[in-house]
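The values are calculated or read from the model by the stated rules, or taken from the named source; none is laboratory data. Keep in mind it's a predicted model, so treat the numbers as computed, not measured. Please note: Cβ atoms are built from the backbone with ideal geometry, for glycine as well, and neighbour counts cover all protein chains shown.
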Amino acid sequence: MGNTYVDKKGYPRFKNSGKPVHRVVAENKIGRPLREHEVVHHKDGDKTNFRRENLRVTSRSYHSKLHSRYSY
């Protein structure tokens, strides 16, 4: 995607808005903006894989539990 760049944490972002691609894709998937307590989990652990089926919207606390349970 020519209209994106990868930030220092490894996440693709849109050049025009600076928004992380995975967050925009997840918002489109669920049909609303993410709430303050929500984050997007990459099921396969790949920050550059922002396919809809690879993304899951979770609470921050549940996301922390997921990452403490699995190591990529």
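Take the range 7-18 and flag every residue that is outside any strand (DSSP E or B) and within 10 Å of the chain's Cα centre (by Cα). Within the range 7-18, just 11 meets the criteria.
Tell me, please, whether a residue that is surrounded by fewer than 15 Cβ atoms within 10 Å (Cβ to Cβ), in contact with a His (Cβ under 8 Å, 6 or more places away or on another chain), modelled with pLDDT of 95 or more and not β-branched (Val, Ile, Thr) can be found in the range 50-58.
First pass over the range 50-58, keeping only residues surrounded by fewer than 15 Cβ atoms within 10 Å (Cβ to Cβ): 51-53.
With the extra rule that they be in contact with a His (Cβ under 8 Å, 6 or more places away or on another chain), the set shrinks to none.
Looking through the range 50-58, none of the residues is surrounded by fewer than 15 Cβ atoms within 10 Å (Cβ to Cβ), in contact with a His (Cβ under 8 Å, 6 or more places away or on another chain), modelled with pLDDT of 95 or more and not β-branched (Val, Ile, Thr).
Sub-7 Å Cβ pairs linking a first residue in the range 4-31 that is on the phi > 0 side of the Ramachandran plot and touching a residue at least 24 places away in the same chain (Cβ under 8 Å) to a second residue that is among the acidic types (Asp, Glu) and in a strand (DSSP E or B), at least 6 apart or interchain, number zero.
So residue 58 fits all but one of (1) outside any loop (DSSP other than H, G, I, E, B); (2) touching a residue at least 12 places away in the same chain (Cβ under 8 Å); (3) touching a Phe, Trp or Tyr at 6+ places or on another chain (Cβ under 7 Å); what number is the exception? Of the numbered conditions (1) outside any loop (DSSP other than H, G, I, E, B); (2) touching a residue at least 12 places away in the same chain (Cβ under 8 Å); (3) touching a Phe, Trp or Tyr at 6+ places or on another chain (Cβ under 7 Å), the odd one out for residue 58 is (3). When residue 32 is tested against (1) basic (Lys, Arg); (2) over 14 Å from the mean Cα position of the chain (by Cα); (3) assigned to a strand (DSSP E or B), exactly one condition is not met: (3).
For the condition touching a helix residue (DSSP H, G or I) at 6+ places or on another chain (Cβ under 7 Å) and either surrounded by 11 or more Cβ atoms within 10 Å (Cβ to Cβ) or of a type in the set (Val, Ile, Thr) (or both), what is the one hit in 67, 63, 22, 41? Let's see the steps before the verdict.
Details: 67 fails: touching a helix residue (DSSP H, G or I) at 6+ places or on another chain (Cβ under 7 Å); 63 fails: touching a helix residue (DSSP H, G or I) at 6+ places or on another chain (Cβ under 7 Å); 22 fails: touching a helix residue (DSSP H, G or I) at 6+ places or on another chain (Cβ under 7 Å).
Residue meeting the stated conditions: 41.
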